[in-house]
1. What residues have an amide H closer than 5 Å to that of Val42, excluding those fewer than 5 places away on the same chain, when H is modeled at 1.01 Å from N in the peptide plane?
2. Which whole-Hz ³J(HN,Hα) couplings does segment 39-54 yield from phi under the Karplus relation 6.51 cos²θ - 1.76 cosθ + 1.60, θ = phi - 60°, glycine and proline marked x?
3. Which trypsin sites (Lys or Arg not before Pro) from segment 1-45 combine a DSSP loop assignment with at most 16 other Cβ atoms within 10 Å?
4. Taking the alpha-carbon distance from Lys24 and a cut-off under 16 Å, which aspartates and glutamates remain once sequence neighbours fewer than 8 residues away in the same chain are dropped?
5. How charged is the neighbourhood of Tyr34? Take every other residue with its Cβ under 12 Å from the Cβ of Tyr34, and add Lys/Arg as +1 and Asp/Glu as -1.
Amino acid sequence: MQHRGEIIKEAVYKSGYPITELAKRMGKSRRWVYLLFENATVSIDIMLQIGRVIHYDFSEELNTANTNLYASNEPPKPYISDEDYWKNKYLNLLEEYNELLKRK
């Protein structure tokens, strides 16, 4: 059976989320992330934080499949870079604005 660090490592690599970006979002160094991958006793709180960043639900790996670790029942979302996120948000707002102009 894999230890928690290996579980996190596998999830991060499967998600395609960059290690540098993960470290930045966690407020840690890349070295800290790589050391975490070697740690067998990573706290569940850290796993939850990483899961939120990479949009991954660790409940199945932690043998808590019946208890979802997240509030929503939505499936994990694929990684979207910050640049794409803001571009999509801008385009959606622009479309909403154009709809409001059409109504007037």
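Rule-based calculations on the coordinates, nothing more; no lab input. Note that this is a predicted model, so its numbers are computed, not measured. Cβ coordinates were reconstructed from backbone atoms using ideal geometry, including for glycine residues, and neighbour counts include every protein chain displayed.
1. HN-HN under 5 Å from Val42: Arg4, Gly5.
2. Values per residue, Gly and Pro as x: 8, 7, 10, 5, 5, 5, 4, 5, 4, 5, 4, 5, x, 5, 5, 8 Hz.
3. Details: sites: Arg4, Lys9, Lys14, Lys24, Arg25, Lys28, Arg30, Arg31; in loops: Lys28.
Loop-located and lightly packed - Lys28.
4. Correct list for Lys24: Asp82, Glu83.
5. So the surrounding residues net to +3.
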